[in-house]
Amino acid sequence: MKNKTVAIVGATGAVGREFVGCIESRGVPLASLKLLASARSAGKTQMFRGKELVIEELTDRAFDGVDIALFSAGSGISKQYAPAAVKAGAVVVDNSSAFRSDPAIPLVIPEINARRIADHKGIIANPNCSAITTLVPLWPVHQVNPVKRLIVSTYQAASGGGAALMEELELSTRAYLDGKEYPPKVVKYPYAFNVFSHNTAIDMATGYNDEETKVIKESKKIFEDDKIAISATCIRVPVLRAHSVSMTFECERPITPEEVKALLAKAPGVKLVDDWANNYFPMPKDASGQGDVLAGRIRKDLSDPSGKSISMFVAADQLLKGAALNAVQIAELL
Ligand code: A2P
């Protein structure tokens, strides 16, 4: 990428800042980096490789000379500005849900379907963070013994709701400990010392919220398998930046926990954390700030006497593998 100019749309946001961090920490060799955000942030500065970069206002003209544009400013902004970026000659890697379900737009997790990057016509979609966390460790199993049915429950961090929700978790926790009232602003219900159903709209026909529907639909698209039966329950927990997922999956043929562990021990993007003696398994605390999906608690699903089902627990940094890192990996492959 050393001749490329990269733009970051939403550079001041929770994911935007991690885009910059990933480019820096991976030593991605760029020609230049352009930071774009709203008019509120224009003129402010952000550090990149020891230099202060001035944040520019996002406009249609901001993409002149840009080769790759990493978007994370919400799906409205993506729908409005991604076409302008493509028109200016940039390839867009979009972290929002704006284009994910479009059959003509690749939805990519590099460890699974990097080959789909070549199909792009200007836009590549970065999947939902819970879908990435679930699918990276499921793919190695699916390849050798196809998954027929999958049930997931998520434990989702504040970072998925952006910088404002992370701040709400911190401020409401402090207020709680100080015995003060904290009226929720970003989400509907008190966040400190509480869990609640994911703060996306419920589909009145199915009873599934938008996040759950994304996990179901995106998993089928990425695995290129419409027949996998999937159910999801997505829950917000008072954790700052790493999502955890409890999953049970049924394969085509019998499978043992030992086989799954052997597959995951050599799977790219996965780290086994499965220490039964010490009750040490994936935790958001350990997943935060690193790029792997941690996988453990790998055991037989005792409710399935056929021996085809496994339960496991995984955790990954929502801002890194769940968002910025996955997008930067896509940009590197471009
Ligand atoms: P700004 O900080 O200027 O509002 P998060 O996901 O953490 O909530 O961050 C959202 C990102 O999207 C921020 O960088 C924010 O910039 C950016 N953003 C929000 N609205 C706009 C807009 N109308 N034009 C450009 N960027 C926007």
Problem set entry | At most 12 other Cβ within 10 Å, DSSP loop - GluC sites (Glu not before Pro), the stretch 17-81 | none
For this session: For residue 280 paired with residue 121, estimate the spin-label separation in nm (one decimal), with each label point 7 Å from Cα along the Cα-to-Cβ line.
Result: 5.1 nm
For this session: Would you mind working out the magnitude of the charge dipole of the chain relative to its Cα centre, with +1 at each Lys and Arg C-beta and -1 at each Asp and Glu C-beta, to the nearest 20 Debye?
Result: 300 debye
Exercise. Going down the table (266/321; 217/266; 121/221; 271/321; 217/321), which pairs top 22 Å between alpha carbons?
Worked result: 217/266
Exercise. What is the gain in length, in nm to one decimal, between residue 193 and residue 220 on full extension, counting 0.36 nm per residue of separation less the C-alpha to C-alpha distance?
Worked result: 6.3 nm
Exercise. Where does the charge balance sit around residue 188 when Lys and Arg score +1, Asp and Glu -1, over other residues with C-beta under 14 Å from its C-beta?
Worked result: +1
Exercise. Which of 246, 263, 200 sits closest to the plus end of the dipole of the stretch 192-275, meaning its Cα is farthest towards the positive end, when Lys and Arg get +1 and Asp and Glu get -1 on the C-beta?
Worked result: 200
Problem set entry | the stretch 3-106, relative contact order [Cα under 8 Å, separation at least 6], % | 27 percent
Exercise. Cα centroid distance between the stretch 19-45 and the stretch 176-216, in Å?
Worked result: 31 Å
Seminar exercise, completed: Here the net charge surrounding residue 287, from other residues whose Cβ is less than 11 Å away from its Cβ (Lys, Arg +1; Asp, Glu -1), is +1
Exercise. Are there GluC sites (Glu not before Pro) in the stretch 240-334 that DSSP marks as loop and that have at most 12 other Cβ atoms within 10 Å, and which are they?
Worked result: 252
Seminar exercise, completed: Here, residue 64 and residue 261, labelled 7 Å along Cα→Cβ, have an inter-label distance in nm of 6.0 nm
Exercise. How do 300, 266, 185 line up, fewest other C-beta atoms within 10 Å first?
Worked result: 266, 185, 300
Exercise. Where the only charges are on Cβ atoms (+1 Lys, Arg; -1 Asp, Glu), what is the dipole of the stretch 131-318 about its Cα centre, to the nearest 20 debye?
Worked result: 160 debye
Exercise. Fewest first, what order do 75, 25, 306 take by the number of other Cβ atoms within 10 Å?
Worked result: 306, 25, 75
For this session: Round to the nearest 10 and give me the degree value, 0 to 90, for the angle of helix 210-223's Cα axis relative to the longest principal axis of the chain.
Result: 80 degrees
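Could you tally the net charge around residue 220, taking each other residue with its Cβ under 10 Å from the Cβ of residue 220, Lys/Arg +1 and Asp/Glu -1?
-1
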Problem set entry | Acute angle (nearest 10 degrees) that the helix 163-177 long axis makes with the longest principal axis of the chain, alpha-carbon atoms | 70 degrees
Exercise. Taking the Cα centre of the chain as the origin and placing charges on Cβ (Lys, Arg +1; Asp, Glu -1), which of 5, 189, 150 is farthest toward the positive end of the dipole?
Worked result: 5
Problem set entry | Entries in 2/51; 87/185; 227/285; 261/285 that, when Cα-Cα distance is taken, lie over 27 Å | 87/185; 227/285
Problem set entry | Fluctuation leader among 84, 73, 11 - the chain, Gaussian network, Cα springs under 10 angstrom | 84
Exercise. Along the charge dipole of the chain, Cβ charges K/R +1 and D/E -1, which of 76, 19, 273 sits furthest on the positive end?
Worked result: 19
Exercise. So, in Å, what gap is there between the alpha-carbon centers of the stretch 267-282 and the stretch 293-322?
Worked result: 10 Å
For this session: Order by neighbour count: 133, 206, fewest other Cβ atoms within 10 Å first, most last.
Result: 206, 133
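Values in this text are rule-based calculations from the coordinates and carry no lab data. Model, not experiment: these values are computed from the prediction. Every residue, glycine among them, receives a Cβ derived from its backbone with ideal geometry; neighbour counts consider all protein chains shown.
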